[in-house]
């Protein structure tokens, strides 16, 4: 049972109400609520005092648990008990990834190779917070050694017989840290916001893909390949896209793929787009950062070399040629705006950077209203066809 399942919320409410009822019964039975005078012996009884204290603590614990579940369900910070306790490990192995030939290179290699397609079965989302129109699969990363869930939503045109031979552009949605793969479809309400815009033609009919990004318990991977620890970059930029290409009518060229993320996921979106312009055409960043130390628990922030080379500004300024990547960077002063303007100043054609100043706190309530405007911008980069 996931943390975000409705029965968990109901259970915490029932336990809280039961603890209050126990306290009322205990205090009332001893005459506290009816004003009866207790004897000196009753007042001094240590066991009785401990029972009263225990009941008060029980009320507090159940109240805190209920509030935590309500807040977690609202923001989808933790999707599983393992993520909450920091015990989840989705790294099966850490092989050395094969040479990266880009999205088109992978397709060329696959066409002349006996390697079988990554054919997946899909089921309803594990999280009750995710609309039933979303499909979930549990993917074993062939190249990365990472195992994790991937949530996929197809646009309204996808199942229309008039578009049966059409392929569709793709956006990978990256959650922050801590954050669940369900957050974009739950708290961020991306389907309810974008589906009407796709039907009206204001937003291109993107396939939306939200892979697991928390791979090592209570640690942020920085979306990087770290020898001996995790191949997060290969998981997100190679295994997940290959699965989408093998199971959906997705466009097979890099200029039809993009990323979007918030907070640590925003850092990853920008970083992956700049590191792999042969895989992605654009990235949307909501309150992201350049220096990996923006997330102190990030593995890339703890290694001086990785901290330098994982910085999107470093990637941009050290690229052999300016990447053909468009970046949409939102943030407020002190929370992403300065990083966005630094990228804008360093960008050279054909790289483009669009900074957008916001004023809200570092919360999903700030990022959720940005979904519509950012995807309209993205449609200007990757239009419908």
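Overview of values
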quantity: First in segment 329-351 and over 13 Å from residue 289 (Cα atoms), second anywhere and crowded, with 18+ Cβ neighbours inside 10 Å, Cβ under 6 Å, 6 or more apart; calculated: 344/353; 344/355; 346/316; 347/353; 351/323; 351/325
quantity: Matching option when the condition is at pLDDT 70 or above, surrounded by 12 or more Cβ atoms within 10 Å (Cβ to Cβ) and under 27 Å from residue 184 (Cβ atoms), among 76, 11; calculated: 11
quantity: Helices (runs of 4 or more DSSP H) contained entirely in segment 307-385, each with at least 2 residues that are more than 21 Å from the chain's Cα centre (by Cα); calculated: 312-317, 337-346, 371-381
quantity: Subset of segment 34-54 that is more than 30 Å from residue 69 (Cα to Cα) and in contact with a helix residue (DSSP H, G or I) (Cβ under 8 Å, 6 or more places away or on another chain) - its residue that is modelled with the highest pLDDT; calculated: 48
quantity: Search result, residues across segment 102-129 that are modelled with pLDDT of 85 or more and exposed (fewer than 14 other Cβ atoms within 10 Å of the Cβ); calculated: 117, 119, 121, 123, 124
quantity: Scope segment 196-210; condition within 22 Å of the chain's Cα centre (by Cα) and either more than 16 Å from residue 374 (Cα to Cα) or not assigned by TED's automatic domain parsing to the domain that holds residue 376 (or both); matching residues; calculated: 209, 210
quantity: Failed item, numbered, when residue 2 is tested on (1) closer than 30 Å to residue 125 by Cα; (2) modelled with pLDDT under 75; (3) not in a loop (DSSP other than H, G, I, E, B); calculated: (3)
quantity: Identity of the residue in segment 15-33, surrounded by fewer than 13 Cβ atoms within 10 Å (Cβ to Cβ) and either under 30 Å from the mean Cα position of the chain (by Cα) or not in a helix (DSSP H, G or I) (or both), that ends up modelled with the lowest pLDDT; calculated: 33
quantity: Any hit, segment 65-73, residues being under 29 Å from residue 262 (Cα atoms), more than 20 Å from the chain's Cα centre (by Cα) and modelled with pLDDT of 85 or more; calculated: no
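Okay, residues lined up against (1) under 21 Å from residue 257 (Cα atoms); (2) in contact with a helix residue (DSSP H, G or I) (Cβ under 6 Å, 6 or more places away or on another chain); (3) surrounded by 24 or more Cβ atoms within 10 Å (Cβ to Cβ); (4) not assigned by TED's automatic domain parsing to the domain that holds residue 230:
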| site | (1), (2), (3), (4) |
| --- | --- |
| 278 | yes, yes, no, no |
| 285 | yes, yes, yes, no |
| 292 | no, yes, yes, no |
| 305 | no, no, no, no |
| 309 | no, no, no, no |
| 312 | yes, yes, yes, no |
| 319 | yes, no, no, no |
| 324 | yes, no, no, no |
| 356 | no, no, no, no |
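Table: residues versus (1) part of a loop (DSSP other than H, G, I, E, B); (2) in contact (Cβ under 8 Å) with a residue 24 or more places away in the chain.
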{"position": "159", "(1), (2)": "yes, no"}
{"position": "193", "(1), (2)": "no, yes"}
{"position": "199", "(1), (2)": "no, yes"}
{"position": "228", "(1), (2)": "yes, yes"}
{"position": "237", "(1), (2)": "no, yes"}
{"position": "245", "(1), (2)": "no, yes"}
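The values are calculated or read from the model by the stated rules, or taken from the named source; none is laboratory data. Computed from a prediction, not measured in an experiment: that's the story for all the values here. Quick reminder, even Gly has a Cβ in these numbers, built from the backbone with ideal geometry, and neighbours come from all protein chains shown.
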